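The values are calculated or read from the model by the stated rules, or taken from the named source; none is laboratory data. Predicted, not measured: the structure shown is a model, and the values here were computed from it. FYI the Cβ positions are ideal-geometry reconstructions off the backbone, even for glycines, and counts take in every protein chain you see.
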Amino acid sequence: MPPHHRHRELIEEVTECNRDVTLTIQRGLSRATAAVVLCWMKSSGLNSSTMSRFLFSVYAIALVFFCTLEPWAQALQQNSQANDWMRVPGTAWERAKPESLGYSSARLEALRGWLKTQQTDAMMVVVHGKVIFEYGDLSLTTKVASVRKSVLGMLYGNYVFSGKIDLDKTVKELGLEDREPFLPIEERATLEQLLTARSGIYLPSGNKDLDLDMPKRGSEYPGTHFVYNNWDFNAAGTAFEKLTGKNIYDAVESDIARPIAMQDYDRSRQRKIPTISVHPEYHFDLSTRDMARLGLLMQRGGNWNGKQIIPGDWVRYTTTLVTPFNDINPTSLHIAGRPERWGYGAMWWVWDAPVFPGHIYDGPLQGAYTAMGTGGQYITVLPKEDIVIAHKVDIDKDARANISPEGYDAVLAMVIDSKCAGSCP
């Protein structure tokens, strides 16, 4: 067989492994370069057979190089995509054009118009660790109401896993007696049942709206019935300080705020509010951009830039559904005619939909969880899309300011639908 025929056969065999790469190389070889090489070879006195072998050798080496290069490039791209799901901000947030992450600027501007009709003071949308939407003063630091409960829930993790906090301890063993003594049935309630709002202890907390809806004391066995009762959450704050020997605000500063570089956490602003109970409310003042950092820390499984700030298993535990939407009490918190379906985990509200194993989702809200507080304070995490939403209404300026549940549902839907299907408009 003539040499040049054999060369052609070999080339065809190699290109079968990656025909696209071959075409790229062929198109990339300029005629000018080929002419220079041929002129050099002729001037050197090389015959056509030698020139053919030489050119084939160069061509084969180039094929091998690019066949090797392509999987390497694919690996780099996969690593880059994986890094998107690990990215966290440094001392300041990184901004990105929505389209660069597959979202529509036009649709997000429509959201901005909607927010102007509400009492929203600040809002932030984070995708893959980058800010794609912001509204209002993100540094505005005000009361976050019941978002405080989710912050305390985050704080518990390290101490549970170190053994300093035992969730099976009863309220009696922890010395959490109030001004009114526990009933015998109430003494059996555990710390874990306080975190999941299932203690069965219906003592007044000082929150008039919630206290009016409390069942009769002793009517439910601890652990069997969910009632959103501030007594449970405030007592959990007292228990944390008893068991750790740390002030809640100092622990947040050292354990969370500093490690994740919260920009506006001011220890001097944090203060407890006395209640009719012996257990005070551990009020928090937080900014929207720091609320978003807390949400991103949860979305990253408690890991921040390679350091485990909160145990990953604790994040999963607190955001796993314990109480379905239909079992939420008081009943004013689960109205069937509304679009939301928030059940409860441990100090976090959890979307009531099963989470499939293997990171398989059938909708954008599957696996979602949120911290929420009076007036419209939200830290919402959508794991499927790697989205964190922080939303603030300034209830310090106006205690009656509010975004309705339906209003926030609309905000959530607009953020979700700002994702482009194909090319962005």
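At-a-glance table
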quantity: Criterion (surrounded by 20 or more Cβ atoms within 10 Å (Cβ to Cβ) and of a type in the set (S, T, N, Q)) met by exactly one of Q263, Q270, Q308, Q299; calculated: Q299
quantity: Elements of type strands (runs of 3 or more DSSP E) contained in the range 77-159, each with 1 or more residues being of a type in the set (G, A, S) and in the same structural domain as W349 (by TED's automatic domain parsing); calculated: 122-127, 130-136
quantity: Some residue of the range 140-163 being over 30 Å from C420 (Cα atoms) and free of Cβ contacts under 8 Å to residues at least 40 places away in the same chain; calculated: yes
quantity: Hey, T374 among the polar types (S, T, N, Q) and within 15 Å of G295 (Cβ to Cβ) or not; calculated: no
quantity: Restricting the range 259-274 to residues that are part of a loop (DSSP other than H, G, I, E, B) and in contact with a Pro (Cβ under 8 Å, 6 or more places away or on another chain), the residue that is nearest to I310 (Cα to Cα); calculated: A261
quantity: Residues of the range 357-382 classified as within 16 Å of the chain's Cα centre (by Cα), modelled with pLDDT under 90 and of a type in the set (A, V, I, L, M, F, W, C), total; calculated: 0
quantity: Residues within the range 182-214 that are at pLDDT below 95 and more than 27 Å from S332 (Cα to Cα), tallied; calculated: 0
quantity: Conditions (1) touching a strand residue (DSSP E or B) at 6+ places or on another chain (Cβ under 9 Å); (2) small (G, A, S); (3) farther than 21 Å from G153 by Cβ: number failed by G175; calculated: (1)
quantity: Failed item in (1) within 26 Å of L115 (Cα to Cα); (2) of a type in the set (D, E); (3) touching a Gly at 6+ places or on another chain (Cβ under 8 Å), with D417 passing the rest; calculated: (3)
quantity: Count - residues of the range 363-411 that are surrounded by fewer than 20 Cβ atoms within 10 Å (Cβ to Cβ) and among the hydroxyl-bearing types (S, T, Y); calculated: 2
quantity: Residue match in the range 353-364 (condition: of a type outside the set (V, I, T) and in contact (Cβ under 8 Å) with a residue 60 or more places away in the chain); calculated: no
quantity: Any pair with Cβ under 7 angstrom, 6 or more apart, that starts in the range 314-335 at a residue that is modelled with pLDDT under 95 and ends at one that is outside any loop (DSSP other than H, G, I, E, B); calculated: H334/F325; H334/N326
